[in-house]
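For reference, the structure discussed in these notes is given below.
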Amino acid sequence: MACACQSKREQFEVVTKGGEGKTVFTSGSQPTAKTVAGRYPGSVVRSKKTGDIVHRQPDPNAAPTGKATA
């Protein structure tokens, strides 16, 4: 029998293509999920419970936003 704490624990998932792709990793640790997201450019880390994006991994192949850099 599983423990009752599972329903209270927040899970984080790494999703490719800015949240539109497939889930490639799920973890109970937000820092671990952020680290794994570093392996997938353009991916996001979102809360499985709320669906909110908590971290965006930059995509180096994305079109420039028009902001000038010094």
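The values are calculated or read from the model by the stated rules, or taken from the named source; none is laboratory data. Note that the coordinates shown come from a computational prediction; the quantities given were computed from them, not determined experimentally. Positions of Cβ are backbone-derived with ideal geometry, glycine not excepted, and every protein chain shown enters the neighbour counts. Protein only, heavy atoms only, side chains kept; ligands, DNA and RNA dropped before computing areas. Shrake-Rupley method; radii C 1.70, N 1.55, O 1.52, S 1.80 Å.
Taking amide H as placed 1.01 Å from N in the peptide plane, the amide H of PHE12 sits under 5 Å from that of SER27, GLY28, SER29, LYS48, each at least 5 places away or on another chain. When the surface is traced with a 1.4 Å probe over the full set of protein chains, LYS22 keeps roughly 140 Å² accessible. Ignoring aspartates and glutamates fewer than eight residues from LYS49 along the same chain, the ones with Cα atoms less than 18 angstrom from its Cα are GLU10, GLU13, GLU20. Each residue of the range 47-52 is assigned a 3J(HN,Hα), and the resulting list reads 6, 6, 6, 9, x, 6 Hz, derived from the Karplus form 6.51 cos²θ - 1.76 cosθ + 1.60 (θ = phi - 60°), x at Gly and Pro. Karplus-based coupling profile of the range 24-40, in residue order and whole Hz: 10, 6, 10, 8, x, 10, 5, x, 5, 4, 5, 5, 5, 4, x, 7, 10, with θ = phi - 60° in 6.51 cos²θ - 1.76 cosθ + 1.60 and x standing for Gly or Pro.
Charged neighbours of PHE12, selected by a Cβ distance under 14 Å, balance to +3 (K, R count +1; D, E count -1).
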